[in-house]
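Quick notes on the structure that follows.
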Amino acid sequence: MDPVSTIALTLGVGWASGINLYAAMLALGLMGATGAMALPPDLQILASPIVIMAAALMYAVEFVADKVPGVDSGWDALHTFIRIPAGALLSAGAVWDVDPAVGLAAGLVGGTLATASHAMKAGSRLVINTSPEPFTNWGASVAEDFAVFAGLWTALQHPWVFLVLLALFMLLVIWLLPKLWRVLKRIAAKIASWFRSTPPAPTASVPGSPPGTTSG
């Protein structure tokens, strides 16, 4: 694998892991098992039939959970602690055989990309979930899955194209995340106001007493 392809794969697995870790593992595992690509030595374990089956099972679970409004945000919250470290490990594994120092640097960059893509996914889903209809949610989920498979394929087949697209994605993250954060703060403030404006429960009146007289 030439240096540009190696860089694209290293960055690609980190980015894809932040969106859908299991889809990324499944795509790499299937491509490695079928000979469509030669996986780096430290990622060859992804082509193991057991790993492929586990990734396929978890991808199926996420495919369903990711399309249920509310459940998808809970799933994203849980996977904050899974996608980001896994993205760092996969990125490091892509170049660890070159030099452990390069692998460590790749892990840091891959973890950062996984954080950025995960934040974009989770934040946008919270905003989408304010809409009562489920169709926007389903469309976003399908688009994310397609982006992972298409992105990794592009990283391997057209690395320069992928690197340009990844740079544009990072610019989008820098521009959009602050706006998403402001929207989420407004949503949180509105929900908090609902709880603060809840009327107090009526007190019981003493039978036969004038109106307004309470027991006790």
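Under a model in which nothing but the beta-carbon of Lys, Arg (+1) and Asp, Glu (-1) is charged, the stretch 46-174 shows a dipole of about 100 debye around its Cα centre. Taken along the Cα-to-beta-carbon direction at a fixed 7 Å, the label points for residue 77 and residue 124 span 2.2 nm. Simple rule: put +1 on each Lys or Arg Cβ and -1 on each Asp or Glu Cβ in the stretch 1-133, find the dipole, and look at 113, 44, 34; the Cα lying farthest toward the positive end is 113. Each of residue 187 and residue 54 was given a label point 7 Å from its Cα along the Cα-to-Cβ line. The distance between the two points is 3.3 nm.
On the beta carbon distance between residue 196 and residue 102, with R0 = 30 Å, the FRET formula returns roughly 0.05. Between residue 63 and residue 158, the contour length at 0.36 nm per residue exceeds the alpha carbon distance by 31.5 nm.
Report, in degrees rounded to the nearest 10, the 0 to 90 angle that the Cα long axis of helix 71-95 makes with the longest principal axis of the chain. Its long axis makes an angle of about 20 degrees. Remark: spin-label model distance residue 33-residue 150 equals 2.5 nm, labels positioned 7 Å along the Cα→Cβ axis. This model, with +1 at the C-beta of Lys and Arg and -1 at the C-beta of Asp and Glu, gives the chain a dipole about its Cα centre of some 1020 debye. Computed as a quarter of the hull surface, the mean projected area of the alpha carbon convex hull for the chain stands at 17.2 nm².
Here, each number is a calculation from the coordinates, and none is a lab measurement. Treat the numbers as computed from the prediction; the structure is a model and nothing was measured. Neighbour counts are summed over all protein chains in view; Cβ atoms, including those assigned to glycine, are modelled from backbone coordinates with ideal geometry.
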